[in-house]
1. Give me the pairs, please: first residue somewhere in the stretch 198-211 and touching a residue at least 40 places away in the same chain (Cβ under 8 Å), second residue anywhere and in a loop (DSSP other than H, G, I, E, B), beta-carbon distance under 9 Å, and either six or more positions apart or on two chains.
2. Report yes if residue 284 is out of contact with any His (no Cβ under 7 Å at 6 or more places or on another chain), surrounded by fewer than 19 Cβ atoms within 10 Å (Cβ to Cβ), under 30 Å from residue 194 (Cβ atoms) and not hydrophobic (A, V, I, L, M, F, W, C), otherwise no.
3. If residue 183 passes every condition in (1) under 15 Å from residue 216 (Cβ atoms); (2) in the same structural domain as residue 231 (by TED's automatic domain parsing) but one, which one does it miss?
4. Considering only the stretch 163-191, state which residues are part of a loop (DSSP other than H, G, I, E, B), in contact (Cβ under 8 Å) with a residue 40 or more places away in the chain and over 11 Å from residue 238 (Cα atoms).
5. Give me the residue from the stretch 176-207 that is under 20 Å from residue 309 (Cα atoms) and not basic (Lys, Arg) and, out of that set, farthest from the chain's Cα centre (by Cα).
6. Assess whether residue 122 counts as being closer than 15 Å to residue 215 by Cα and not aliphatic (A, V, I, L, M).
7. Condition first: of a type in the set (A, V, I, L, M) and part of a helix (DSSP H, G or I). Now tell me which residues in the stretch 311-347 satisfy that.
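The values are calculated or read from the model by the stated rules, or taken from the named source; none is laboratory data. Please read all numbers here as calculations on a predicted model, not as lab measurements. Cβ placement follows ideal geometry from the backbone for every residue including glycine, while neighbour counts extend to all protein chains displayed.
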Amino acid sequence: MTDKISVSVIGASGYAGAELVRILLSHPSVTLAALSSVSYTGQSIAELYPAYRDICEQILVSEKEAVEKGDVVFASLPHGLSQELALECDKQGKLFIDLGADFRLDDGETYTQWYGKEYIYPQLHEKSVYGLSEIYREDVKKARIIGNPGCYPTSVALGLYPAIKNGLVKADDFIVDSKSGVTGAGKTLTQKTHFPECNEAFSPYNIGKHRHTPEIEQTLSRFASHPVKVTFVPHLLPVNRGIISTVYAEKNSGYTLEDIYAIYRKTYENEHFIRVLPLGEVANLRNVRMSNYCDISVHEDPHTSKLIIVSAIDNMVKGAAGQAVQNMNIALGIDEKTGIDFVPPAI
């Protein structure tokens, strides 16, 4: 491929949008055609994020201009704001990748129940693909509208996929305990993300009612080929980045921990961005920071025979911008590691 692909980022002023800019600036196959922000139109991206000074000084433009200029359009917007953009991109034959929630759920009623919005163009949702890169790669290859998975659902799905698909656990319900860095709450300041509230603090939030619950259940149900429920409890960590999810599952008889570990290794042996850690090691979010890797460790509680799966990702990369670029690469026939093969910092 000789000509570079023109890419636009709508919602570039948010955390995930800014992370997309960082990644795409180093991607050898693309050029940043336009950056857009409703709140900061007319300002330079470097004014908002001084880290980009003398590297990217692009002026933030309107959404319409961003769509016109990009062959690929990423949208990193709050829920309810991507469907019109997807429609326009679909009309113009552009690849549209949504980092928001508008194209993650199959069922419109479920979307309305959890997000308070409606699917206004059902035909778009029928042709959209859920972009969990390693699992739905073949679907992504043919897609023109991709719903990028949420950060928590990515960590949970990748952690549980081998166990469910290979019948290692009773796949009826799971307990999922997840912790995220503060960037996962977005850029808009709230009481719980105010520095004095989250610094030197640690607590769960949205217990039993987090909006990622139906997405997690939908994905696990696909793996199991029957309805699966989860008890999902997220927590806010006083760190900038990272997600660690600990999943508790009822192990099926006949499998030792060594058997399960071997199956996990076999399942992901050709997946560059998924690292199944040796038995005895524990996944740690510090080891995946600033990278597109997902680290998974498997454990057993000998007292209860419960299987315990720990999955760690960077919520801004594998949980958002990195996976979005991975999906773009797959959809365009580019080596999917291109532009996202970052080495995590050692310290």
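1. 198/192; 198/237; 198/238; 211/79; 211/101; 211/150
2. yes
3. (1)
4. Once the filter is applied, which keeps residues that are part of a loop (DSSP other than H, G, I, E, B), in contact (Cβ under 8 Å) with a residue 40 or more places away in the chain and over 11 Å from residue 238 (Cα atoms), the stretch 163-191 yields 166, 167, 168, 170, 171, 172, 186, 187.
5. Going through the qualifying residues, I end up with 204.
6. no
7. 317, 320, 321, 324, 325, 328, 330, 331, 332, listed by residue number.
So that you can scan it fast, the table gives a plain yes or no per residue for (1) assigned by TED's automatic domain parsing to the domain that holds residue 22; (2) in a loop (DSSP other than H, G, I, E, B); (3) of a type in the set (Gly, Ala, Ser); (4) at pLDDT below 95:
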residue: 51; (1), (2), (3), (4): yes, no, yes, no
residue: 73; (1), (2), (3), (4): yes, no, no, no
residue: 91; (1), (2), (3), (4): yes, no, no, no
residue: 97; (1), (2), (3), (4): yes, no, no, no
residue: 100; (1), (2), (3), (4): yes, yes, yes, no
residue: 106; (1), (2), (3), (4): yes, yes, no, no
residue: 109; (1), (2), (3), (4): yes, no, no, no
residue: 114; (1), (2), (3), (4): yes, no, no, no
